[in-house]
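Each reported figure results from applying straightforward, stated rules to the coordinates on display, with no laboratory input. Since the structure is predicted, the reported quantities are computational estimates derived from the model, not experimental observations. Here the Cβ is made from the backbone with ideal geometry for all residues, glycine too, and neighbour counts use every protein chain on show.
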Amino acid sequence: MKVFLAFAAIIAIGIASLYSLSFMKPDPVLEAQVRGQIIYDKSCAACHGINLEGQENWRIQNADGTMPAPPHSVEGHTWHHDDGMLINYTKVGGQQAMADLGITDFKSGMPAFGEVLTDDQISDVWAYIKSTWTDRERAAQAERTAAQALADG
């Protein structure tokens, strides 16, 4: 009888576990962040650092006139820019992104990833990067994005 009750309890626990799992829905934000980290590690970390730390002396111009890759951590300035700017910079590269803003005297070393990564992949990378920021930086960046969206109409 004890064996039967133990077996019945195991079956009941198993059924309850399966039942509860059927209600678990994947978190699309978390999934985007995980995908983004994988892409970041493969496509971005060589320049921006595995820990988003950027290159040394990132505020000092290189001999060729380009700027070293900045950090994407809170120590950098990435969070000062709206989503449209960040995505465009990633998609078309720094030189073209700056030219799109009318800035032609800036030499960027940031390559274009629009032919390498899809729009969704670029968005996933930014979802990962933003996930490493504090609430303060995420809120400030979200405000900039909202303000730019209003300005763009």
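What is the gain in length, in nm to one decimal, between A149 and M24 on full extension, counting 0.36 nm per residue of separation less the C-alpha to C-alpha distance?
In short, 41.6 nm is gained.
Under the rule of at least 5 residues apart or a separate chain, name every residue whose amide H is placed under 5 Å from the amide H of F113.
So F113 has HN proximity to K91, V92, G93.
Out of the GluC sites (Glu not before Pro) in segment 45-101, which ones are loop residues according to DSSP with at most 15 other C-beta atoms within 10 Å?
E56, E75
Within segment 30-106, report the trypsin sites (Lys or Arg not before Pro) that DSSP leaves as loop and that have at most 14 other Cβ atoms within 10 Å.
Of the trypsin sites (Lys or Arg not before Pro), the ones in loops of segment 30-106 whose Cβ has at most 14 other Cβ atoms within 10 Å are R59.
With each pseudo-label sitting 7 Å past Cα toward Cβ, what's the H80-F106 distance in nm, one decimal?
It is 1.0 nm.
Please list, by residue number, every one of the GluC sites (Glu not before Pro) in segment 115-153 that is coil in DSSP and has at most 13 other beta-carbon atoms within 10 Å.
E115
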